[in-house]
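Before any comments, here is the structure.
The values are calculated or read from the model by the stated rules, or taken from the named source; none is laboratory data. Model, not experiment: these values are computed from the prediction. No Cβ is skipped: glycine too gets one built from the backbone with ideal geometry, and neighbour counts run over all protein chains shown. The accessibility values were calculated without ligands, DNA or RNA, using every heavy atom of the protein model including side chains. Shrake-Rupley method; radii C 1.70, N 1.55, O 1.52, S 1.80 Å.
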Amino acid sequence: MVCNGATVLSRRTLLTGLTALAGITQRAAAETPFALREIAPGIHVHLPKPALVAAANQGDIANLGLIVGDAACAVVDTGGSIAVGEKFHQAIAVITSKPVRYVINTHTHPDHLFGNAAFQGAGTEFVGHHNLPRALASRQEHYLVSFRQQLGESLMANFRFVPPTVLVQDEMILDLGNRRIVLRAWPAAHTDCDLTVFDEATKTLFTGDLVFREHVPVVDATLLGWLQVMDGLSAIKANLMIPGHGAPDETWPDGLLAQRAYFESLASDLRKDIQEGVGMSEAIETAAASERGNWQLFDEYNGRNASEAFKELEWE
C-alpha cells in the first residue's frame with residue numbers, strides 16, 4: 001500500500017509539475033518581445049527560428065510580414081495563434097499609425113493564419129487564394145484538434161476562424177498609397193491555395209510556403225506541381241525573397257536551389273524504388289537521405305513528404 005500510494009503521489013506531483021511548467025513557458029513566450037525588422041524601405045518582417053508548434057512558442061514558427069504604404073498597410077500572414085497575432089498587431093502600432101487595410105493569407109496552414117482574429121475590425125479586408133475558403137472548410141476541424149493538442153486549451157480558448165473576404169482568382173493589385181503590391185494565385189504546389197505577394201517598390205517577394213529555407217519543405221499537395229510552380233517563381237525579377245520559413249534571400253532565384261535539390265533527390269530516389277518494385281513503407285525510410293544534413297526538422301517531415309510523393313509518382 002505504501003508503494004502504491006507513493007506511485008500515485010509521484011504521478012500527481014509530476015502532472016502538477018508539468019502543468020506548472022506549461023504555464024511558465026506560455027508566460028515566458030508572452031513576455032518575449034515581438035521582433036519586427038525593417039529589411040527594405042517600408043518592408044518589415046518577423047523571422048522566428050524553424051521549430052515545431054508548441055505551447056512554449058505559442059505557434060510562432062512562420063515568417064510574417066508588414067508592408068507600409070503612404071495611406072495604409074498590408075500584413076502578410078498572422079501567425080499560429082491569436083496570441084501571436086495580437087503581439088504582431090501591437091508591434092505594428094509601434095512602427096506606424098496607418099491602418100492595416102489588408103491581411104493577406106498566403107495559404108491555409110494554421111501557423112500562417114491562426115492569428116487572423118487579432119486583426120478583425122476597422123474595415124480590414126482578409127485576402128486569400130480563391131481555393132482558400134474551401135481548403136479551410138474541409139480542414140478546420142482537423143486543425144482545431146491538432147492545435148489544441150499542440151498549444152493547449154488556454155491558447156486556443158478564444159480562437160475563431162476568419163475566412164477571406166477578398167479572393168484572388170489569378171492576379172490582383174492592391175494599392176497602399178504610392179505602393180502597389182501584386183498578389184498571384186498559383187496552381188497546386190505546397191497546398192492548393194498558395195498565394196505570393198510582390199512589392200513593386202522594393203522588388204520584395206513574399207513566397208509563403210512555396211519556398212522553405214533551413215526548415216525542410218513540407219509537401220501537402222503535389223511534388224510535381226511544386227517543381228513546376230518553382231519554374232514560374234524563379235522568373236519573377238525580385239531583389240529580395242522572404243520565404244515562409246527560414247532566412248530571407250538576396251540572391252534570387254538562387255534561393256530556390258537548395259529546395260530544388262531536395263525535391264529532385266526525393267523524386268529520384270522514389271522513382272528508382274518504384275521502378276525496382278520497392279514498397280512504399282521501405283522506400284520512405286531512405287528517400288532523400290542524402291539531404292538529411294542540409295535541413296532542420298528533416299526527420300519530422302521527410303517521411304511524410306516521401307509518403308505523399310510516392311503515391312503521386314507511382315502513377316506517373
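Which of the residues that make up region 143-164 are surrounded by 13 or more Cβ atoms within 10 Å (Cβ to Cβ) and within 28 Å of Cys73 (Cβ to Cβ)?
Tyr143, Phe147, Leu151, Leu155, Met156, Phe159, Phe161, Val162, Pro163, Pro164
On the basis of being aliphatic (A, V, I, L, M), open to solvent by 40 Å² or more (accessible area, probe 1.4 Å), under 30 Å from Leu183 (Cβ atoms) and touching a residue at least 24 places away in the same chain (Cβ under 8 Å), does Ala267 make the cut?
Values: aliphatic (A, V, I, L, M): yes; open to solvent by 40 Å² or more (accessible area, probe 1.4 Å): no; under 30 Å from Leu183 (Cβ atoms): yes; touching a residue at least 24 places away in the same chain (Cβ under 8 Å): yes.
So Ala267 fails the test.
Tell me which residues, restricted to region 38-56, are free of Cβ contacts under 8 Å to residues at least 60 places away in the same chain and open to solvent by 40 Å² or more (accessible area, probe 1.4 Å).
Glu38, Lys49, Ala56
Say we look at region 270-316 and pick out the residues that are under 19 Å from Gln228 (Cα atoms) and in a loop (DSSP other than H, G, I, E, B); which of these is least open to solvent (accessible area, probe 1.4 Å)?
As a first pass, look at region 270-316 and keep what is under 19 Å from Gln228 (Cα atoms): 270-271, 305-306, 308-316.
Pick out the ones that are also in a loop (DSSP other than H, G, I, E, B) and you get 314-316.
Details: Glu314: 88, Trp315: 203, Glu316: 125 Å².
The residue in question is Glu314.
May I ask you to verify whether Leu224 is at pLDDT 95 or above, surrounded by 18 or more Cβ atoms within 10 Å (Cβ to Cβ) and assigned to a helix (DSSP H, G or I)?
Details: at pLDDT 95 or above: yes; surrounded by 18 or more Cβ atoms within 10 Å (Cβ to Cβ): no; assigned to a helix (DSSP H, G or I): yes.
Judged against the criteria, Leu224 is not a match.
If you scan region 115-142, which residues turn out to be buried (at least 20 other Cβ atoms within 10 Å of the Cβ), under 21 Å from Ile92 (Cα atoms) and out of contact with any strand residue (DSSP E or B) (no Cβ under 7 Å at 6 or more places or on another chain)?
Ala118
Residues of region 287-316 being free of Cβ contacts under 8 Å to residues at least 12 places away in the same chain and closer than 18 Å to Arg260 by Cβ, which ones?
Selection gives Arg292, Gly293.
Out of the strands (runs of 3 or more DSSP E) lying entirely within region 68-174, which hold 3 or more residues that are touching a helix residue (DSSP H, G or I) at 6+ places or on another chain (Cβ under 6 Å)?
Working: elements: 73-76, 100-104, 125-129, 166-168.
Because the criterion is at least 3 residues that are touching a helix residue (DSSP H, G or I) at 6+ places or on another chain (Cβ under 6 Å), no strands (runs of 3 or more DSSP E) in region 68-174 meet it.
Scan region 60-72 residue by residue and report those that are crowded, with 24+ Cβ neighbours inside 10 Å and in contact with a Leu (Cβ under 6 Å, 6 or more places away or on another chain).
Result: Asn63, single match.
What's the number of the only condition in (1) part of a helix (DSSP H, G or I); (2) crowded, with 23+ Cβ neighbours inside 10 Å that Asp209 fails to meet?
All conditions pass for Asp209, except number (1).
From Val197, Val229, grab the single residue that is touching a residue at least 24 places away in the same chain (Cβ under 8 Å), part of a helix (DSSP H, G or I), in contact with a Leu (Cβ under 7 Å, 6 or more places away or on another chain) and under 21 Å from Leu132 (Cβ atoms). Show your work before the answer.
Working: Val197 fails: part of a helix (DSSP H, G or I).
Result: Val229 is the single residue among Val197, Val229 that is touching a residue at least 24 places away in the same chain (Cβ under 8 Å), part of a helix (DSSP H, G or I), in contact with a Leu (Cβ under 7 Å, 6 or more places away or on another chain) and under 21 Å from Leu132 (Cβ atoms).
Being touching a Gly at 6+ places or on another chain (Cβ under 8 Å), at positive phi and open to solvent by 10 Å² or more (accessible area, probe 1.4 Å), is that true of even one residue in region 194-204?
no
Taking Leu183, is it under 20 Å from the mean Cα position of the chain (by Cα), open to solvent by 10 Å² or more (accessible area, probe 1.4 Å) and of a type outside the set (Phe, Trp, Tyr)?
Working: under 20 Å from the mean Cα position of the chain (by Cα): yes; open to solvent by 10 Å² or more (accessible area, probe 1.4 Å): no; of a type outside the set (Phe, Trp, Tyr): yes.
No.
Scan region 238-264 residue by residue and report those that are touching a Leu at 6+ places or on another chain (Cβ under 8 Å), buried (at least 19 other Cβ atoms within 10 Å of the Cβ) and assigned to a helix (DSSP H, G or I).
Leu256, Phe263
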